[in-house]
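Notes for the one structure printed next.
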Amino acid sequence: MARATAAPLADGEKIPALVIGSGYGGSVAALRLAQAGVQVTVVEMGMSWTTPGSDGRIFCPVLKPDGRSYWLRDRTDQPVGYFAGSSYNKDIERYTGVLDSEQFSGVRVYQGRGVGGGSLVNGGMAVTPKRENFAAILPSVNADEMYNVYYPRANAGLGVNNLDQTWFESAECYQFARVGRKHAERSGFGWTFVPNVYDFEYMKKEQAGQVTRSALAGEVIYGNNYGKRSLDKTYLAAATGTGKVRITPMHTVTAVSPTEGGYRVEMHEINTSGATVATKAVVAQKVFFAAGSIGTSKLLVAMKAQGKLPDLPDAVGKKWGNNGNVMVGRANHMWDGTGVLQSSMPCLGIDNWADAGGPAFAEVAPFPAGLETYVSLYLAITKNPQRGQFTFDSGTGKVGLSWQTSQNQYAIDAAKRIFDKINKKEGTIYRTDLFGVYKTWGDDFTYHPLGGCVINEATDNYGRIPGYSGLYVIDGSLIPGNTSVNPFVTITALAERNIENIVADDL
Ligand code: FAE
């Protein structure tokens, strides 16, 4: 387990390497720099999720969310927020909880907050894209190296494992997935099992009633108390294990600018109400932006506009995409129940990527409501070519994202190519009560923000920021808006590739 160190970060410190954010990119950077002998400080705006609350749990129960669920909100904001015509969001105490729902004009973006970033809240689906898709998305990156070296390295570092397919066929908790597979097959669609970072052996024991339930208790978006190999248990634990990595939670970086000896990095230390309790500035020789697609893009766009990093390339803030995300639910017949007990970890996806008229990879998603809903739920990843752009508003001092909900129509059309066909075959209909009142498509939010600081455009081919020696980008903002599958394995593998080059050439 990676622990935040007791030694706090002091104002005025001079440090060799500072990493902003502790998600996938930040964790890889911290570990590999430390192994190369560099002292690393990781600055993370969220909490270190290591101390149980008064109920003995680190993370709150999913059906009874409290302040631990959301980042500084008074009310929950569930992705699937409605059921049978009414909202089932609940009032909560305002607290630095683990899941952020960040609202921009045309999209809300879900992100993990805390030591481990998105790994604390995500579905753990660890998908390596098909090689031809990777080559099309990142043509400047040598695909041979990625598939021979960096994807295997990332999968090993993340602790990715595969489910026991024999067990799957009878496991009560995957009835929803078997129903989803059956419907896909009956309509002629291909499908594939998907690896995960959730420990499937632990899940088996949950199903057998031998251990405390986590995935089988619906835990996922507000954190898993057991079973999940999140980054704090993998890369970050290895990083702190070197003795060279200090993790500083509850510190939000607000500015980076050149100064003698490197870069001045300014930050706010916050409390669990989100109030600033201290402001600090340190000087770092090297700074790694790993605040995620949204966090890194917002910081860099603001620094350019405010004249702190005026020579940043014009490509900074551009080519943002939602990985073509769209969600939808179907209403099954009474003989196709999806099960009262559902594992919160998805394990298979419908593969319609070869459909030139609208490629899509649709994961069969759980809907662990604790009762039989007869709902088949899906998260489709599509090839939506639409892109958004970050812009600085000098009036508010904030960075906005220009993206209209209508830009996601492509994703709906691609998803319809699968689910219209399945509905026709099964004689079923879409649910219209899950994403609003009479709203079929979950088209106005994303779990997969990507881009904003695209590799080989806003940076060199390894994430170096041109014109600012010692500044790097190493997270999902490097990927131009789409990965064709769930993104974190690709973010990790690309970070492994880039940091190896940086360690070899820049240290
Ligand atoms: P990320 O993991 O977001 O880490 C960035 C970190 O930086 C966060 O911890 C922030 O709190 C921190 N930060 C931001 N701004 C600042 C600042 N100014 N100062 C200090 N710290 C800051 O970035 N992907 C999959 O591949 N499979 C899945 O099954 C899957 N399911 C998902 C389910 C949900 C509900 C969500 C929200 C996401 C899911 N994702 C999934 C997406 C995945 O978690 C995401 O692509 C990665 O976490 C992005 O990695 P980064 O390193 O770019």
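The values are calculated or read from the model by the stated rules, or taken from the named source; none is laboratory data. Computed from a predicted model, the values in this text were never measured in an experiment. No Cβ is skipped: glycine too gets one built from the backbone with ideal geometry, and neighbour counts run over all protein chains shown. Surface areas here come from the heavy atoms of the whole protein model, side chains and all, with no ligands, DNA or RNA. Shrake-Rupley method; radii C 1.70, N 1.55, O 1.52, S 1.80 Å.
Quick rundown of the values:
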{"read-out": "Distance between modelled label sites at Glu201 and Glu372, nm, 7 Å Cα→Cβ extension", "value": "3.5"}
{"read-out": "Evaluated over the range 207-352, the Cα radius of gyration and Dmax, each in Å", "value": "21.8, 70"}
{"read-out": "Cα centroid of the range 249-317 to Cα centroid of the range 401-440, whole Å", "value": "38"}
{"read-out": "Cβ-based net charge around Asp393, under 15 Å, with every Lys or Arg adding one and every Asp or Glu removing one", "value": "+3"}
{"read-out": "Computed lengthening from Thr432 to Glu145, 0.36 nm per intervening residue step minus Cα-Cα distance", "value": "98.8 nm"}
{"read-out": "Net charge contributed by nearby residues that have their C-beta within less than 9 Å of Val109 (K/R +1, D/E -1)", "value": "-1"}
{"read-out": "Mean residue ellipticity (222 nm) of the chain, computed from DSSP H runs ≥ 4 via -39,500 (n - 2.57), nearest 500", "value": "-6500 deg cm²/dmol"}
{"read-out": "The chain: relative contact order in percent, alpha carbon pairs under 8 Å with at least 6 residues between", "value": "23"}
{"read-out": "Size of electric dipole in the range 168-302: Cβ of Lys, Arg +1 and of Asp, Glu -1, about Cα centre, debye, nearest 20", "value": "160"}
{"read-out": "Taking the C-alpha atoms of the chain, convex hull volume expressed per residue in Å³", "value": "138"}
{"read-out": "Residue-wise HN-Hα coupling along the range 85-97, computed from phi with Karplus coefficients 6.51, -1.76, 1.60 (Hz; x: Gly, Pro)", "value": "x, 9, 6, 10, 6, 10, 5, 9, 6, 6, 7, 7, x"}
{"read-out": "Prolate/oblate/rounded label for the range 210-258 (Cα gyration tensor, a/c 1.5)", "value": "oblate"}
{"read-out": "Gained length - Val283 relative to Val340, 0.36 nm times residue gap less alpha-carbon distance", "value": "15.1 nm"}
{"read-out": "About the Cα centre, charge dipole magnitude for the range 357-507 (Lys/Arg +1, Asp/Glu -1 at Cβ), debye", "value": "600"}
{"read-out": "Residue-level accessible surface for Asp393, protein heavy atoms, 1.4 Å, Å²", "value": "70"}
{"read-out": "DSSP loop GluC sites (Glu not before Pro) with at most 10 other Cβ within 10 Å: longest gap in the chain", "value": "261-507"}
{"read-out": "Cβ-placed point charges (K, R +1; D, E -1), dipole of the chain about Cα centre in debye, nearest 20", "value": "280"}
{"read-out": "Spin-label pair Ala275/Asp164, simplified geometry with 7 Å Cα→Cβ offset, distance in nm", "value": "5.2"}
{"read-out": "Charge tally in the Cβ shell below 13 Å around Ser140, where Lys, Arg are +1 and Asp, Glu are -1, Ser140 excluded", "value": "-2"}
